[in-house]
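Reviewing the structure listed below.
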Amino acid sequence: MDGVHDLGGTEGFGPLPIEEEELVFHHDWEARVMAMRMLMGAWRKWNLDAGRHSVELLPPADYLSLTYYEKWLASLVNLSVGAGLLSREEVASGRANATPKATPPIDADGFRALMAKGRPSGREVNTAPAHAPGDRVRCNSFSHSGHTRLPRYVRGRVGEIILYHGAHVLPDASSKMIGEAPEHLYTVRFLATDLWGPDADPNHSVTADLWESYIEPA
């Protein structure tokens, strides 16, 4: 989708702050938000891509003003209410209502095991990749209202494939909870001048991991 979250190449937001020896968490509550996000996700009412899309769907003013983990918390509330795991009234009051409590699908040991191995997105497919490293490809210009990993600033642009990663779950389908629809995945390098014109530094480039349906031969 084209939203305020897709800021690549957009001017006026100033330089990115870079912290030396950046901390994993700046406040204790950030760690708790991450834990809640992971534990609530264990109910399997949504997946990683649907979770990402829930952040993209935050109101633009909220997205631009909230910190990273504040976005996580706001979108977690929306996901949990939408899945029927809790209500807006419970969130506002900080108290559970009288409905029967369900047993969480994962305990502390299970959570540690999940964090250690993650959920790999690589899949086996029966089709051969249509492209290979060294190929020049053009990104599609399409956009849709759902989640996609095709940035707005590379649409219609030409780049060179530099890596092939095998087949992986397609975020556009996965975020809708309609299946995985795995596709071949490539890393494509774009020259800065091809993205932003002759004023860009000719020594700079941008790489993006793009699924096969995002690109075509140039």
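Quick look at the values:
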| read-out | value |
| --- | --- |
| Sparse-neighbour loop sites [chymotrypsin sites (Phe, Trp or Tyr not before Pro); region 121-218; at most 16 other C-beta within 10 Å; DSSP] | Phe142 |
| DSSP-defined antiparallel bridges as percent of all bridges, the chain, nearest 5 | 100 |
| Whole-number accessible area per residue in Å² for region 147-187, which is evaluated in the context of all protein chains at 1.4 Å | 40 |
| Cα-based Rg / Dmax (Å) for the chain | 20.0, 63 |
| Calculated P(r) tail over 21 Å for region 80-204, as whole % of Cα pairs | 63 |
| Relative contact order %, the chain, counting alpha carbon pairs below 8 Å whose residues are six or more apart | 20 |
| Alpha carbon centroid spacing (whole Å) that separates region 4-39 from region 40-93 | 16 |
| Cα-based helix-to-principal-axis angle, 28-41 vs the chain, degrees rounded to 10 | 90 |
| Using alpha-carbon coordinates, inclination of helix 68-82 to the longest axis of the chain, degrees | 60 |
| Whole-percent carbon and sulfur share, accessible surface of the chain, 1.4 Å | 55 |
| 222 nm mean residue ellipticity, helices alone, for the chain (DSSP H n ≥ 4; -39,500 (n - 2.57); rounded to 500) | -9000 deg cm²/dmol |
| Peptides 8-16, 69-77, 32-40 ordered by average Cβ neighbours within 10 Å, highest first | 69-77, 32-40, 8-16 |
| Taking only Cα atoms of region 65-152, radius of gyration then Dmax in Å | 20.5, 61 |
| Gyration tensor (Cα) of region 35-80, equivalent ellipsoid semi-axes in angstrom | 19, 11, 7 |
| Scattering curve values for region 166-218, log₁₀ I(q)/I(0), Debye with Cα scatterers, q = 0.16, 0.18, 0.24 Å⁻¹ | -0.59, -0.68, -0.87 |
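The values are calculated or read from the model by the stated rules, or taken from the named source; none is laboratory data. In this text, all values refer to a predicted model and were calculated from it rather than measured experimentally. Methodologically, a virtual Cβ is constructed for each residue, glycine included, from the backbone with ideal geometry; neighbour enumeration extends over all protein chains shown. Accessible surface is based on the protein model in full, side chains and every heavy atom, while ligands, DNA and RNA are left aside. Shrake-Rupley method; radii C 1.70, N 1.55, O 1.52, S 1.80 Å.
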